[in-house]
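Structure first, then comments.
The values are calculated or read from the model by the stated rules, or taken from the named source; none is laboratory data. Remember, it's a predicted structure, so these values are computed and weren't measured experimentally. We place every Cβ from the backbone using ideal geometry, glycine too, and count neighbours over all the protein chains shown.
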Amino acid sequence: MTSSLVVQKLDIRGFRNIESLQLELGPRVNVISGDNGQGKTSVLEALYFVATSRSFRTEKLREVCREGSELTRVVGTFEEGGQQRRQRAVISAGRRSLFMDEKRAAGLASYAVRTPVVIFHPGNLTLVSGPAALRRTLLDRIALFLDPASGDARSRYQHAQRERHQILQKQPDQLSALDAFERVMAENGAAVQRARHAACDALAAALGPAFGTIASAQTPLALRFVPGGCTDAEQFAHELADRRVRDRFRKSAGFGPHRDEIELLLSGRSARHHASQGQQRILTLALKVAELNCVRDACGSQPILLLDDVSSELDPKRTGAVYEFVRGARSQVLVTTTRPDLFQMPGLSGSDRCDFELRGGALAGS
Ligand SMILES: Nc1ncnc2c1ncn2[C@@H]1O[C@H](COP(=O)(O)OP(=O)(O)OP(=O)(O)O)[C@@H](O)[C@H]1O
Ligand SMILES: [Mg+2]
């Protein structure tokens with residue numbers, strides 16, 4: 001049984017160009033409109049931040065802090081399965097704090113899996129052809145819900161990897177320190193690798209049906225995980241020890257999950273190198289739909305769907321496919337657009353739609 005999940009209220013302060021904004025959202029489709037640069041994407045980013053503790057636009061969270069504001073704070077009131085909860089994410093003096101119903105969150109991963117959200121934004125359009133890191137992030141979003149501990153394992157792995165690299169470059173004779181960091185890398189890297197294998201299996205199973213509904217032609221599609229490391233911690237540690245000399249002269253270790261890749265094959269050929277732009281867009285949409293379905297199945301809640309400026313990036317046929325999906329999915333949706341008049345979703349009743357217009361980071365007319 002899937003329970004419904006809805007964000008009822010958002011209270012945003014000191015976030016990007018938003019000084020202070022309160023929104024009461026509807027349970028179905030919320031259309032956030034406004035001219036360029038008024039804060040539409042920032043509203044989605046603020047919701048993503050309070051739900052996941054991160055941004056989908058930047059790794060450097062301090063960039064979201066409003067210039068000149070001392071405090072950045074987003075409070076979300078969520079309702080799930082008839083229960084209400086408040087989540088609060090704060091950045092103050094460069095530090096992030098997270099609260100669930102006024103209690104400080106026990107850990108990042110346990111906080112980040114409470115409120116599943118799936119975002120589709122213009123940057124996603126390079127998901128198929130762009131750097132492998134984008135595809136790893138997709139896998140990690142799914143892995144987090146299948147195995148919440150994988151988020152912490154990934155952080156520990158990344159930290160140890162940076163430390164090992166520093167030692168290799170500056171003090172390569174510090175063998176005991178290298179051993180210690182490689183042990184941490186091997187244990188956590190193998191755990192990350194296992195979680196990504198499972199995420200990739202789930203994604204592969206969900207991708208075929210998603211692709212079938214979006215693409216009109218029946219083109220054979222396959223997805224393959226190409227691991228950069230291995231799932232056995234002992235073997236992992238041996239590989240790292242073997243590569244010390246070579247790794248010294250590389251930007252990062254030549255072995256490990258930071259080198260994982262997902263290979264997408266359309267009619268047996270690499271989509272990254274051979275698919276047309278239109279095919280890449282369809283594949284990207286299919287990957288996002290598959291992500292939503294995987295996360296829903298893993299956590300038992302219908303994720304909130306954030307669609308940033310979709311219609312300006314897709315042709316009318318694909319935009320129609322997205323709307324069709326939104327209408328069929330039971331998710332609450334927040335969509336941004338500069339042209340709310342063009343956002344007409346057939347079959348969506350007026351009471352299912354709420355409109356908000358932003359101007360200068362505030363509701364127009366307020
Ligand atoms: N840290 C910050 N402090 C203050 N303003 C910021 C900060 N970061 C970004 N901005 C500004 O916030 C404004 C809103 O950005 P946002 O991306 O949300 O606009 P948008 O409405 O989505 O525009 P578009 O339609 O072009 O996508 C922009 O003018 C941007 O320059
Ligand atoms: Mg925008």
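This table checks each residue for (1) of a type outside the set (A, V, I, L, M, F, W, C); (2) free of Cβ contacts under 8 Å to residues at least 60 places away in the same chain.
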{"site": "V29", "(1), (2)": "no, no"}
{"site": "L44", "(1), (2)": "no, no"}
{"site": "S55", "(1), (2)": "yes, yes"}
{"site": "R73", "(1), (2)": "yes, no"}
{"site": "L108", "(1), (2)": "no, yes"}
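Selection of first residues in the stretch 174-200 that are outside the structural domain of S150 (by TED's automatic domain parsing) and of second residues that are part of a helix (DSSP H, G or I) and surrounded by 19 or more Cβ atoms within 10 Å (Cβ to Cβ), restricted to Cβ pairs under 9 Å at least 6 apart or on distinct chains, gives an empty result. Somewhere in the stretch 299-318, is a residue farther than 29 Å from L139 by Cβ, crowded, with 20+ Cβ neighbours inside 10 Å and in the same structural domain as F78 (by TED's automatic domain parsing)? Within the stretch 299-318, not a single residue is farther than 29 Å from L139 by Cβ, crowded, with 20+ Cβ neighbours inside 10 Å and in the same structural domain as F78 (by TED's automatic domain parsing).
If I ask for residues that are surrounded by fewer than 13 Cβ atoms within 10 Å (Cβ to Cβ) and touching a helix residue (DSSP H, G or I) at 6+ places or on another chain (Cβ under 8 Å), which ones from the stretch 70-102 would you list? Within the stretch 70-102, just G94 meets the criteria. When you check A204 against the structure, is it surrounded by fewer than 20 Cβ atoms within 10 Å (Cβ to Cβ), farther than 30 Å from E163 by Cβ, within 19 Å of the chain's Cα centre (by Cα) and outside the structural domain of S110 (by TED's automatic domain parsing), yes or no? So A204 passes the test. Per this entry, E59 is counted among residues that are at pLDDT below 95, out of contact with any Cys (no Cβ under 9 Å at 6 or more places or on another chain) and within 26 Å of Q38 (Cα to Cα). Among residues of the stretch 128-152 that are in contact (Cβ under 8 Å) with a residue 60 or more places away in the chain, those with a Cβ under 9 angstrom from a residue that is hydroxyl-bearing (S, T, Y), sequence gap 6+ or separate chain, pair up as V128/T284; R141/T52.
Listed by position, the strands (runs of 3 or more DSSP E) enclosed by the stretch 262-366 that each have at least 2 residues that are touching a strand residue (DSSP E or B) at 6+ places or on another chain (Cβ under 7 Å) and away from ligand 1 (no atom under 16 Å from the Cβ) are 304-308, 353-359. In the stretch 35-90, which residues are in a loop (DSSP other than H, G, I, E, B) and closer than 25 Å to L5 by Cα? Matches in the stretch 35-90: G39, S53, R54, S55, F56, R57, G81, G82.
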